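Inspection log for the structure reproduced underneath, given as structure tokens.
The values are calculated or read from the model by the stated rules, or taken from the named source; none is laboratory data. Nothing here was measured: the structure is a model prediction, and the numbers come from that model. For neighbour counting, all protein chains shown are included, and Cβ atoms are generated from backbone atoms with ideal geometry for every residue, glycine included. The accessibility values were calculated without ligands, DNA or RNA, using every heavy atom of the protein model including side chains. Shrake-Rupley method; radii C 1.70, N 1.55, O 1.52, S 1.80 Å.
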Protein chains: 6
Amino acid sequence: MPYVNIKITKEGATAEQKAELISGVTQLLRDVLNKNPATTVVVIDEVETDNWGIGGETVTVLRQQAALKQQDQ
Amino acid sequence: MPYVNIKITKEGATAEQKAELISGVTQLLRDVLNKNPATTVVVIDEVETDNWGIGGETVTVLRQQAALKQQDQ
Amino acid sequence: MPYVNIKITKEGATAEQKAELISGVTQLLRDVLNKNPATTVVVIDEVETDNWGIGGETVTVLRQQAALKQQDQ
Amino acid sequence: MPYVNIKITKEGATAEQKAELISGVTQLLRDVLNKNPATTVVVIDEVETDNWGIGGETVTVLRQQAALKQQDQ
Amino acid sequence: MPYVNIKITKEGATAEQKAELISGVTQLLRDVLNKNPATTVVVIDEVETDNWGIGGETVTVLRQQAALKQQDQ
Amino acid sequence: MPYVNIKITKEGATAEQKAELISGVTQLLRDVLNKNPATTVVVIDEVETDNWGIGGETVTVLRQQAALKQQDQ
């Protein structure tokens, strides 16, 4: 009866991709720990890039910097 | 000073129902553990059915299967 | 299929009290939103008072201040 | 490699303010525990006032009561 | 830069099994969403069976009921 | 009335350091968003290095690799 919470930035994951994450992680818990899929719960949170930080910067800013760098080349 | 997080699928819970959950769980913590309601925090997350999985399937798919079954009868 | 996480300070809640919280919140979700108890998951986290803060202070310090106040009277 | 989750009510925090929270908490973890900013992750959740409760009431109701009180004066 | 939290009951998962969960879910996020493993964070919480409820009962009680049933056969 | 959850690896943070994190983040929320410290809740989770993964590896393994590297020099 595991509970899994996956947080990703909201950048266009499709319903199919989210379904793949859910079935994949449920299968992983069965394979590794013999957990019953019937009571394995998976919740995916999609977080705005303004609300996600890494290295002290928002992902919004990091994406802009990466885009500028690409342009420079 | 408990903190409670309730996650439900986003399927039309009304403001009144959410207020009932908040007052109910705050009362429960007072009754069972004598916790002070003044500092009891409750946060409700409503999650899209595409983002919630159980049994390896999204709730979107489970709802469709249930609707088809109903139609068959 | 709700998921509920209850965080309380680790201050001696008994197994019976925790079982009461679990049955109480499961019942609440059935009463208010007609949620199926069979797939309602409740997880209780008991947190050391050194690791819980409110008003900028740890609960350890708040408990000591309350005990001193009591002694003064 | 800390992970920090900040939950606030959705009441108009700007992108600049959220960026300040992210850089501030990342800096705090470096100052206090020498944690590497490069792998410090911060996620901010903005929660509707209908979905946040304290003292057994939703923040929506608390805000209305505060507004009425102000009017009375 | 996803963040994944896996909650399981504390019932003897080994360090090897937990390492498998971590590498497996990191790989899954790369395969499905092309997420960079270098900044994918996975945190596993192992929860006492007294603190986990499903169907309104603690896992401690459910395990006892299952053991009694087995004995009866 | 914000709620903040800080997750760090369990590697010897002292009570004083944790108190500093709690007062620091409470102050940050007052400075940036004018949030009331009296109802700002901070919970710190200290996670075993076997239970924390980044880059697909547990922190236990990453610490061992770093120690070996140091020895080599």
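Miscellaneous remarks
- Nearest-ten-degree value, helix B:59-72 long axis tilted from longest Cα axis of chain B: 50
- Over the residues of chain A, the helix contribution to mean residue ellipticity at 222 nm works out to -15000 deg cm²/dmol, using -39500 (n - 2.57) for each DSSP H run of at least 4.
- Estimated from the Cβ-Cβ distance and a Förster radius of 41 angstrom, the FRET efficiency linking C:Gln65 and E:Ala15 is about 0.50.
- Overall, chain E carries a charge dipole of about 240 debye about its Cα centre when +1 sits on the Cβ of Lys and Arg and -1 on the Cβ of Asp and Glu, all other atoms neutral.
- Heavy atoms of E:Asp72: accessible area, 1.4 Å probe, square angstrom to 10: 130
- Rounded is the label for the protein assembly as shown, because the ratio a/c of its alpha-carbon gyration tensor axes (a ≥ b ≥ c) stays below 1.5.
- Max mean-square fluctuation residue, GNM over chain E, Cα-Cα springs under 10 Å, options E:Ile22, E:Ile44, E:Ile54: E:Ile54
- Length-normalised contact order of the range E:3-72 in % [C-alpha pairs under 8 Å, at least 6 apart]: 40
- Structure remark: mean-square fluctuation, Gaussian network model of chain B, C-alpha springs under 10 Å; the largest value among B:Val59, B:Val32, B:Val43 belongs to B:Val32.
- For B:Glu11, the accessible area of its heavy atoms, probed at 1.4 Å with every protein chain present, is near 90 square angstrom.
- Distant-in-sequence amide contacts of D:Val47, defined by a placed amide H-H separation under 5 Å and a gap of 5 or more residues or a different chain, comprise D:Ile8, D:Thr9, D:Lys10.
- Axis between C and E by rotation; chain C residue with nearest Cβ and distance in whole Å recorded as C:Asp45, 5.
- Bridge type composition, the range F:3-72 - antiparallel percent by DSSP, nearest 5: 20
- Whole-Hz ³J(HN,Hα) from phi, Karplus 6.51 cos²θ - 1.76 cosθ + 1.60, for the range A:48-58, glycine and proline x: 4, 5, 5, 9, 10, x, 8, x, x, 10, 6
- Evaluated over the range B:3-72, the count of Lys pairs having alpha-carbon atoms less than 26 Å apart is 5 (only pairs 8 or more residues apart or interchain).
- Solvent-accessible surface ranking, highest first, for C:Lys7, B:Lys10 at 1.4 angstrom: B:Lys10, C:Lys7
- Summary for F:Asn34: label point 7 Å along Cα→Cβ; distances to the equivalent points in the other copies, ascending, 3.9, 4.0, 4.3, 4.3, 5.9 nm.
- Sequence-ordered 3J(HN,Hα) estimates for the range C:28-45 from the Karplus curve with 6.51, -1.76 and 1.60 and θ = phi - 60° stand at 4, 5, 6, 5, 7, 10, 6, 7, 5, x, 4, 10, 8, 10, 10, 10, 9, 9 Hz, glycine and proline given as x.
- Just the protein heavy atoms count here, and of the accessible area of chain C at 1.4 Å, carbon and sulfur take up 45 percent.
- Inter-copy spacing of A:Gln73 label points, which lie 7 Å from Cα along Cα→Cβ, given in nm from shortest upward: 3.1, 5.9, 5.9, 6.0, 7.0
- Across the identical copies, the label point of E:Gln17 (7 Å from Cα in the Cβ direction) is separated from its matches by 3.1, 3.1, 3.2, 3.7, 4.6 nm, in order from shortest.
- Partner shielding of C:32-39 amounts to 6, given as the average count of beta-carbon atoms from other chains within 10 Å of each residue beta-carbon.
- Alpha carbon centroid spacing (whole Å) that separates the range B:2-35 from the range C:21-51: 9
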